[in-house]
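**Q** Quick one: the structure is below, questions incoming.
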Amino acid sequence: LRVKQAEDALRRRNRELGLLPEIGQELSARLDVEELAGVVLQRTVTALGASSGHVAIFHPEGGVLHKVHVAQEYSARAREEMQQRVVAEGLIAYVVAARKGTLVENTATDARWLKTPNDPVRSAVAVPLLGRRGVIGVLTLHHDQVGHFSADHLALLQAIASQAAVGVENAQLYVVETRRVNELVALNRLARESSAYLRQHAANP
């Protein structure tokens, strides 16, 4: 029985480690931040056996992109208020300040977990997405059983978050550069049109 348990644990660990290159390949093919966040969230929820998950991506210009997997039912207003709270004072705020991942073994007794009515979450793990400009996001997984996540889960999730941070920064840089190119093209077109207009009026006073 002990040998079988060890073999099962080894196979599970190998599957988890095999997830890293798979996710890295998927992320490298995407330049849309929201799509990228969705892929990371879905793959990690499945791989770590989580009940649900959430990722917050901080935009360079301000604002936060929230992506959830198996979201709890809230009204639109309640959802917006909850998203603002978790970034400002919940587990996400703690991870951003600490710049490191953390485990919540029991949400009922952990002060970092924001209590909400009918919340099914009993344990959680959260890690930062660390980029060149600091913490650019936080990835959080939830489970409906106390103590579901382990230190191995935390380490694996942090490794995935490191890959995700590279993908997110590349996607955000692509958006900025695309906007800049479009602005230059528009300015160049305006300059050509103005020049043509001036030449026409100079030729026909």
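**Q** Considering the stretch 91-205, what Rg and Dmax in Å follow from its alpha-carbon atoms?
**A** Answer for the stretch 91-205, Rg first and Dmax second: 25.0, 83 Å.
**Q** Taking amide H positions as placed in the peptide plane 1.01 Å from N, state which residues far from residue 122 in sequence (5 or more) or on other chains have amide H under 5 Å from it.
**A** Under 5 Å from the amide H of residue 122 lie the amide H atoms of 143, 144, 145, each far enough along the sequence or on another chain.
**Q** State, as an integer percentage, the relative contact order of the chain based on alpha-carbon contacts under 8 Å between residues 6 or more apart. Don't skip to the answer; put the middle values down first.
**A** Values: 268 pairs, mean separation 44.7, N = 205.
The normalised contact order for the chain reaches 22 percent.
**Q** Next up: So what are the three principal axis dimensions of the stretch 27-68 from its Cα atoms, in whole Å, longest to shortest?
**A** Over the stretch 27-68, Cα extents along the principal axes are 34, 22, 10 Å.
**Q** Would you mind working out the accessible area per residue for the stretch 29-185, using a 1.4 Å probe, and quoting it in Å²?
**A** Values: 7950 Å² over 157 residues.
Per residue, the stretch 29-185 has an accessible area of 51 Å².
**Q** Put a dot 7 Å past each Cα toward the Cβ at residue 155 and residue 195; how far apart are the dots in nm?
**A** It works out to 6.2 nm between the two label points.
**Q** Note down the magnitude of the dipole of the chain about its Cα centre, charges +1 on Lys and Arg C-beta and -1 on Asp and Glu C-beta and zero elsewhere, to the nearest 20 debye.
**A** 340
**Q** Using a 10 angstrom cutoff on alpha carbons, build the Gaussian network for the chain and name the most mobile of 34, 22, 193.
**A** 193
**Q** On to the next question. By per-residue mean of other Cβ atoms within 10 Å, what is the highest-first order of 159-169, 144-154, 173-183?
**A** The peptides rank, most packed first, as 159-169, 144-154, 173-183.
**Q** Sticking with this one: In µm²/s, what is D for the chain at 4 °C and 1.567 mPa s, where D = kT/(6 pi eta Rh) by Stokes-Einstein and Rh is the Kirkwood radius from Cα pairs?
**A** Estimated diffusion coefficient is 68 µm²/s.
**Q** Evaluate the relative contact order of the stretch 85-205 (contact order divided by residue number), counting alpha-carbon pairs under 8 angstrom at least 6 apart; express in whole percent. Write down the numbers at each step before the final one.
**A** Details: 144 pairs, mean separation 24.3, N = 121.
Relative contact order here is 20 percent.
**Q** Quick check: residue separation of residue 100 and residue 59 times 0.36 nm, minus the Cα distance between them. What number comes out in nm?
**A** Here the segment from residue 100 to residue 59 would lengthen by 12.8 nm.
**Q** Provide the packing ranking of 58-65, 133-140, 116-123, i.e. peptides ordered by the mean count of other C-beta atoms within 10 Å per residue, highest first.
**A** Result, highest mean Cβ count within 10 Å first: 133-140, 116-123, 58-65.
The values are calculated or read from the model by the stated rules, or taken from the named source; none is laboratory data. Fair warning: this is a prediction, and the values are worked out from it, not measured in the lab. Every residue, glycine among them, receives a Cβ derived from its backbone with ideal geometry; neighbour counts consider all protein chains shown. These area figures cover heavy atoms from the full protein model, side chains too; ligands, DNA and RNA do not enter into them. Shrake-Rupley method; radii C 1.70, N 1.55, O 1.52, S 1.80 Å.
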